[in-house]
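Notes for the one structure printed next.
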Amino acid sequence: MLLFVYGTLKRGFANHAGLMDRAEFLGPATTCEKYPLYIAGRWNSPVLNNEPNTGECVNGELYRVDQSTLIAVDKFEGTDRKDGYFRKSILVRETGGNEPGEQVVEASAYFKRTDAIVGISGGPLSEFPVENSYVPPAHRPRAGEDL
C-alpha cells in the first residue's frame with residue numbers, strides 16, 4: 001500500500017523512527033488537490049482537514065508500507081477514536097523519485113473531520129515546517145502531571 005505523510009512521520013521528524021522504519025521511502029510528493037493543512041491542538045500537531053479544493057497543495061513524502069506498519073500508524077493516528085484521524089485515498093504527484101518526470105499515483109493519507117479539529121494555531125500551510133513547536137508523545141506530561 002502507498003502512504004502519503006505530511007507531518008511528523010516524515011524523515012527527520014519526531015515520529016518517523018519506530019513507526020516508519022520498515023516503510024520503503026519512494027520520494028517527495030505533493031497532493032494533486034488542495035487541502036487545508038493546519039497546526040492545531042495543545043501539542044501543535046499537523047492536521048490535514050478533509051476539505052478538498054481549499055487550502056494549498058500539500059508537500060510530503062510517499063512510502064510503500066506493509067500491513068504491520070499500517071496497523072502501527074493507524075493506532076498512532078487514533079483511527080479507532082472519534083477525535084482521531086481517518087485514512088482516505090487521494091491522488092499525489094511524485095516529485096522526485098527514481099523515475100524521470102512526475103507520476104500521479106493513488107495513496108492513502110490521514111485526515112481529520114472539521115468538527116474534530118481544535119485549537120488551530122497556524123495554516124493553512126503547504127508544508128509542515130521543520131522548525132515547529134510540535135510536542136511529541138514522549139515529551140508530553142502524563143496524566144496527573146502539571147502542564
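The values are calculated or read from the model by the stated rules, or taken from the named source; none is laboratory data. What you see is a predicted model, and the numbers here were worked out from it, not measured in a lab. With ideal geometry, Cβ positions are generated from the backbone for all residues, glycine too; neighbour counts draw on all protein chains shown.
Could you tell me which numbered condition C32 fails, if it satisfies all but one of (1) out of contact with any strand residue (DSSP E or B) (no Cβ under 9 Å at 6 or more places or on another chain); (2) hydrophobic (A, V, I, L, M, F, W, C); (3) over 24 Å from R140 (Cα atoms)?
(1)
Of the residues that sit in the stretch 5-49 and are without any contact (Cβ under 8 Å) to a residue 40 or more places away in the chain and in contact with an Asp or Glu (Cβ under 7 Å, 6 or more places away or on another chain), which one is farthest from G123 (Cα to Cα)?
Within the stretch 5-49, the match that is farthest from G123 (Cα to Cα) is F25.
Is it the case, given these coordinates, that S108 is closer than 17 Å to A14 by Cβ and polar (S, T, N, Q)?
When the stated conditions are applied, S108 does not pass them.
How many residues does the stretch 94-141 hold that are charged (D, E, K, R), over 24 Å from L19 (Cα atoms) and at pLDDT 95 or above?
Here is the first cut: in the stretch 94-141, the residues charged (D, E, K, R) are 94, 99, 102, 106, 112-113, 115, 127, 131, 140.
Subsequent filtering for residues that are over 24 Å from L19 (Cα atoms) retains 99, 102, 115.
Still in the list and also at pLDDT 95 or above: none.
So the count comes out to 0.
Could you check the stretch 1-19 and list, in sequence order, the residues that are over 12 Å from the mean Cα position of the chain (by Cα) and either under 17 Å from S108 (Cβ atoms) or surrounded by 20 or more Cβ atoms within 10 Å (Cβ to Cβ) (or both)?
M1, L2, L19
Just to be sure I understand, how many residues within the stretch 69-95 are polar (S, T, N, Q) and part of a helix (DSSP H, G or I)? Explain how you work it out, then say what you get.
First, the residues of the stretch 69-95 that are polar (S, T, N, Q): 69, 79, 89, 95.
Subsequent filtering for residues that are part of a helix (DSSP H, G or I) retains 69.
Number of matching residues: 1.
Might you check whether a residue that is β-branched (V, I, T) and more than 14 Å from the chain's Cα centre (by Cα) occurs anywhere in the stretch 28-48?
No, the stretch 28-48 contains no residue that is β-branched (V, I, T) and more than 14 Å from the chain's Cα centre (by Cα).
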